Every structure is written in structure tokens, then in C-alpha cells.
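Encoded as C-alpha cells, the structure appears first; notes follow it.
The values are calculated or read from the model by the stated rules, or taken from the named source; none is laboratory data. Since we're looking at a predicted model, the values are computed, not measured. A quick note on method: Cβ atoms are made from the backbone with ideal geometry, for glycine too, and the neighbour counts reach across all protein chains shown. Accessible surface is based on the protein model in full, side chains and every heavy atom, while ligands, DNA and RNA are left aside. Shrake-Rupley method; radii C 1.70, N 1.55, O 1.52, S 1.80 Å.
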Amino acid sequence: MHDVVRDVAKAIASKDPHHRFVVKEDVRLQGWEKRDGELRNCTGISLKCTHVHELPEGLVCPKLGFFLLNGNDNFLKIPDTFFKEMKEVRVLSLFRIDLTQLPSSLHFLSNLRTLCLHRCRTLKDITILGELKKLQILSLVDCGILVFPKEMMQLTDLRMLNLVDSRILGPRNVISSLSRLEYLCMRIILWGSEGVDGGRRNACLSELKHLSCLRALQLQLPHSCLPSEDVSFENLTRYDISIGSRPGHYGEKKTSRRLKLYKIKGPDMVKCFSKLLKTTEVLALGRLRDTKHFVYELDCDGFPQLKYLYISRSDGMQYIMNTMEMEWVDPPHSAFPLLEGLKLRCLKQLEAVCHGPIPMGCFANLRDLIIEECNSLKYIIWLPTTQARESVLVFPQLGSLKLERLPNLINFYSTGTSGSQEPCSSFFNQNTFPNVEELKLGFKGPMEILLSQFSRESFGKLRVLEIKACHDVLVVIPSSKLQVLHNLKQLIVRNCSSVKEVIQVEGRVGETFPQLTIMYLENLPMLTHLSGFGPFLQNLHSLQVSKCGKLINLVSPSMAKTLVQLEELTVSYCDEVKEIVENEGGEATDDKIVFTKLKKLKLHFLPNLKSFCSARYTLIFPCLTEMQVKRCPEMEIFCKGDSITQRLEKVLMSDHRPCWENDLNTTIQKMFMETHPKEEDSKEEILDEENAEEWNSKEQHPKVEDSVEDTKEEDSERGESGSLEQRSS
């Protein structure tokens, strides 16, 4: 809360004769005795004691109903008698307080309804809580409690218990004795396993079934807490249960019933959670063992309430739904009637999502389908020959489809019990995806044929198209599909080694992408140009091009003039780019190019970039406010013509330093000179370096002639000394 807002709130509250509040920041508590009269009438106190390490023996606040104390650093100590004169307190919150056990004066708070102890990490003993008979809400978050005492069984009126991030080992029957409990949250809690552990009979998950009033439950428990019998929780309206590590998050914000299981065998899951499987809205499974066919092995009713299903790293999974081996009833059991999202990842043995006849109503509500890294996947739908796929609309509501890293994917559909391979020319059949708005593809195969199958009936509503790691594509969008993709808003092409054209424009004069606003191109080593499809990008807002090794320039002057809606332009890591706007040759011209709405221009790591444009155009940027030029060592000028940037005040360099010298051309020239010293200076520096090297070499490696003369002198000296010795002898 802002200081001004807090002061105004305090001023207003202080004028209320019936409800007096005291809010103090950075309390030092000097002179509190003098304010005894003010405290006696307070109904609420909130203190943040930043520099206080010990409170007074007590505060006389007979009308106090709400007390919040923030110790801020875990060093604040509370005297044992501190709460003695606060008997009417109904809400007490202690945050970051240095406590090993709660003050004994806490038992005077006979009217206490809510107690919050958060981040009191030295706390060990909470036995005194058993005396707070009227307590209804107890929140112990991130506290260092080791044992949940038996005295807690006396809190028979407790409605809410929050034990998030508190390490607790509780004896059996304490939790089950809280008969009026409606909300229970235990996350990252060291609860006991079933049975006896070290002579102690521990609390376990199965005793929660005795809480008949329980409506909301949040649990995150280790595998040792897996119950030995089915835990029904028949009255739960909201739950979030995780056993083992959390396997992932999928659709959690939209649901109130979630079940997440990790490293659990399929039969154990059925034994322990069969009733929850029929009511859960989110089911996330990681490393599921001993399950080959998901549906009908785990729930014969086909998960009637399930909205989001996420399965990862479950190597034994062969099919999500296999109706070929099930016993048929009339009418056949449906499956996933409410399913909105299906995400399958790293299922090594998965051969198909659906194998066999599809009962009426299956996947009727599916909106999102994501399949990644399933190396054995051959088909998404494997239908028998008796169920002609032309007459089946399997995913009528599908809005988002993502297929990535599927090396053995043959076809979306297959007919025939033997799984005979059909030509990939029929991968996307007409009328199969009438509502798909987002399509992401990234797998080996004749992707160009797949893209050519788009039709108004199947992908007429497509808004986002992402092609990733498809190495057999020459043209991303064929000219024949321009009209089909009239609703396209985002086009992303990444890591495609063979792409030469992003949009094929032959013979399509006058056609545009009226909705296309974002284009992102990355790591396309065969792409040589973007010129030619400027008219298709009149509404483009963002253009980002990166790691296109053969690209020499980005756009032609005529294309640049059509980018009237462009707001952001980024070019990076394109080693051969020499200019952004192509110089088409010819004599100097006074023609203008106006980037009407361009706000951000970023040029990063372009080793051969000489200028933005080498032709004599007048470049006008009326809205440009942010420009970055980083690691472009050969950029000497911005353009040979004039550049007009009314709102630009700086250019960020490689070291994030701002630079500005009156205009853009002068600024770029200054940046170039800073990184390239003058030729004369550089020559002098080189000569100085050479002279220094020569001098050093003379000292370290003398010439041969000098060494010979030195040797002669040494020999003559030795001869003279020798003759002297002989004479002396």
C-alpha cells in the first residue's frame, strides 16, 4: 500500500468513534505507555516491527478484535504475558516471529476464531492451541512444527486447517477427530505412512474418510502415504490431490477438482482412487506403470467428468482408447464426453491415440490436442475399415492442434485392422478440422504435401500457424492456399533447413493476408529473400527475422512502403545481411519511405551490415522511440539519404550505453568511429607495437653477429686470465 493511501486510510479510521485502528510501519515502540488511552479504544492493530527484537510485557487493549504482527526478520520475540489483556481478540496473525513455543498468555484469548502463524520457522510446540476451544480457522504456513499434538483433538469447532509447507508428523486419529472440518490443505507435509513407523502409529490418508463435513481438500503427499483402500471423499466439491512429485500443470485455473499422480501403478490407482477418477476434472499422470490401454483399464465409465488429461513418460502406454479388445454393450460406453484438453508427451510405446471404433460422443468437446515426443506413434486415429473416415468427424470442436517430434507418424487417420499405410496425401481430410484456429507442426515427413491440403472447410478459421523443424519444406504457404488462410494472424517458421520461400506469390496479384499481424522467421538457412510478398503484409505489426544465413537484404523499397502498420522490426544473427532496405540501383532519387507506425527497431549481431539503406531515399520514422544497434561492426552510416526521427532520443549500443548525436546518421557514424579508430592513429599504434616487439626481441634474442663478438670478447678475457694464472704459477 502506498504511504499516502495508508495515511489517508488511517486518518479516516481514526475518526470513527466505534472502530479505532492503529497501523504502524517500522515500529520502535518507544513511548507506547504514553498512548495507553488510545490503545484501550482500539479495535484493530497492525504492526510491522522492522527494527524491534522484543515486545513489551503486554498491551492493555480490552476492545481489540483484530491484531496483526509482522516481525519481518524472524528475530522478534513475544513475552509470555503479552496477550493477557487482549481477551476480545477474534483474529490473530503472527508473521516471521521468533518462537519455539507459543506464549502461555495465548489461552486468555478465549474468543479467538482465526489464528494465522506464517513463516515462524523456529516454532516447535503448539500444544497450547488445544485450549482455544472456539477456534474455527487455523493456518500454519511454512512453520517448523515437528509433531501435531494430541491436544489438537480438542478443537472440535475447527472448520479450516491450512498446513502448507509445514513439516508435520501427526499421530493417528488427530485429523479424523476434527469432525466439523470443511477445508483441509496439506502441501509438502511429512505425514505418516499407513500402519506403524518406528513404534508410532502415524496419521494416514485413509482416516480422512471420517471427515463427513469435508468439502475442500488440497494434498501433496509422498508415495508412502498411498492408502491401502479406496478413499471415496464422497462429499468433496473441490480438491487438488498430488501423490509423489507434481507431474505438471494443465488447465488448473479453470477447474476445481484435480488429481495428479506420479510413479503409481495402474491397479493401485484404481484401488485407491476409483471414485475420484469418475469426478476429477484434471488428471495428470507421470511415469504411470503397468497400464497399456488407458481407458477401460482405469475407468470403465470413460472418465465422465474429465476436462483435462496430461500423460507423460509412461513407457508402457500403447493406446489411450482401445475399443478393439473391449466387450461391447449396446449402446457402447462413451469416453471423454467433456474432455477439453489432451496432452501426451514422451510416451515411447504409444502407437495411436484411438484404436478401433469410436463411440458416439467421444472427444465431442475436445478443444486442445498436444502430442510431443512419442517416437512410436503412427496414427492419431486408427479406425477399422467398417468405419469409413470420410463420415467421421472425430474432433468437431478442436481449436488447437500441436504435433511435434513424432518421427514415425504416418498419417492422422488409418483404416484397416492391419494398420495399412495410406498415402500421406490424405493426412488432413476435408471437414476434419472446421474449427482449428491454432496449428503447430514439427515432425519429419512430406510436410509440403500436408500444407497443400488446407481447405476453407478444414482450416478456414486458422489464426496461428507454426512450422518447426520440418526439413522437407520448400514453400511454407503455397500460392493456392492464400485465400484459404484469410484469417491468419500469426505465422511462425523455425528451424526448417530447406525452406526457400515463406509465401509463394506467383500469379496472385491483389490478394493479401488481411489479418496477419505477426511474422517470426528463425534459422532458415536457405531463405534468400522476403521481397515480393509485400502486398500480403499490409497489416503486419511485428516482423522478426533471425539466423537466416543466406539473406542479403530484408525488403525491397516497394515492400517497405507497404508496411504501413509495422510497429516492431527485429533482425538478428543474419551473417550475410548488408542492408535492410534493398538498393535496387539507378540514379539518386528524392523518393520517400515512411515507416508510419514503427516504434521499435532492433539490429543485433549482423557482422556484414553496412547500412539500413544504401540508396538515397528519405527515410521517415514519425513514431520511432526505441532503437538498438548491437554488434554490427561494419555499419558506417544509417542511410545515404536523410533520416527523420522526430521522437527518437537515443540509440542503445552493444554495452547497453545510450548514444545520440543530433540525428541518426551522425549517431551511427560516431558509434562506428568508437569501434574503428582512425587509420593514422591505428598505423601509429601498429608502428609502436612493432617497435616494442623489435626491442623485446633484441633483448630476448640478440643477433648472431653480436653473439659472435660477445663470444670473442669472452674468449680473449678467458685467455688473458689464463696467461695471468700461468705467470703467477
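Structure notes:
- In this structure the amide hydrogen of Q349, modeled in the peptide plane, comes within under 5 Å of the amide hydrogens of M317, none closer than 5 places in sequence on its chain.
- Simple spin-label estimate for V60 and R238 in nanometres, 7 Å along Cα-Cβ: 4.4 nm
- Entry comment: accessible area of region 56-182 is 40 Å² per residue, from protein heavy atoms only and a probe of 1.4 Å.
- Ellipsoid equivalent to region 513-571 - semi-axes via the Cα gyration tensor, in Å: 19, 13, 9
- Fully extending the segment from K597 to D165 would add 150.5 nm, taking 0.36 nm per residue of separation and subtracting the current Cα-Cα distance.
- At a probe radius of 1.4 angstrom, the accessible area of region 504-575 per residue rounds to 39 square angstrom.
- Computed from the Cβ-Cβ distance with R0 of 22 Å, the FRET efficiency linking K124 to K275 stands at 0.05.
- Rounded to the nearest 0.05, the FRET efficiency derived from the C-beta distance between W660 and E636 at R0 = 25 Å is 0.90.
- Rg then Dmax, both in Å and based on the Cα atoms of region 122-180: 10.6, 30.
- Close amide-amide hydrogen proximity is noted between K263 and G286, R287, L288, each under 5 Å apart and 5 or more residues distant or on a separate chain (H modeled in the peptide plane; Pro and chain starts excluded).
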